[in-house]
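A quick write-up on the structure given underneath.
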Amino acid sequence: MDGTKIKKAYEAIKMLKSVGITPSADQLKAIRQMEIIYLEEEIIPLMKSELEPLFTKLRGDIELDFKYSPESGVSLRPFIRKVVQVPSRNSSTSIDTTGHRTMKYKIRVTFPDNTVSCKVPVLETLLDVVKYAVPERVQALNMMIMGDNLVSSILNTDERYRAAQKEVKPGLYVCTYSSTDTKYDQIRHINKALSLGLKIEKILF
């Protein structure tokens, strides 16, 4: 979704109002949907890519109360929510300190030839996508993670991140030191940027 389309849509609404025409509910709903798509496809992946390296020194689970309005701009309020595991060997949920259940999921990717990658750990599915897309092409996208390219020819000097770099072909390594949400966004970005035609889904388990 191109942000300029949203701008043009609002300009069209403003023009209608200037001549005494009230925009319909469907028109306003369509613009809101355009904003949501723009958030999901452009803003959120970019924010995660840029912000994640700043959080590498933190080891607790962090949530940010993020709000935006055209009048007041961006507002951020951080708070930490402790997560404890449900005492059940077969459970796929966890419970946070507010009593909410958080669901675990993996990523299922269906390729154009109908082959499927839906692996645990999730990093294996990310590696499958990078290999399919051709590692050099993904490297050229300059997707930053932990201060380095997602696909790099250099091993990280930090032992934690170096251990998470998985070789996809001789001399090229994928950084897998990230959450499932981040990997999901990375796969979506690779798919869109390289027009791979993948079907990408979150699957609860």
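The values are calculated or read from the model by the stated rules, or taken from the named source; none is laboratory data. Bear in mind that the values here come from a model prediction, so they are computed numbers and not experimental data. Neighbour counts are summed over all protein chains in view; Cβ atoms, including those assigned to glycine, are modelled from backbone coordinates with ideal geometry.
Observations
- Screening Val130, Val138, Val120 for residues that are modelled with pLDDT under 95, outside any strand (DSSP E or B) and farther than 19 Å from Thr56 by Cβ leaves exactly one candidate, Val120.
- Meets criteria (within 30 Å of Asp128 (Cα to Cα), part of a loop (DSSP other than H, G, I, E, B), modelled with pLDDT of 75 or more and not basic (Lys, Arg)) for Pro112: yes
- Note on segment 136-160: residues that are in contact (Cβ under 8 Å) with a residue 60 or more places away in the chain and either surrounded by fewer than 16 Cβ atoms within 10 Å (Cβ to Cβ) or of a type outside the set (Val, Ile, Thr) (or both) amount to 4.
- Search result, residues across segment 141-156 that are over 14 Å from Ser178 (Cβ atoms), of a type in the set (A, V, I, L, M, F, W, C) and either in a helix (DSSP H, G or I) or touching a helix residue (DSSP H, G or I) at 6+ places or on another chain (Cβ under 9 Å) (or both): Leu141, Leu155
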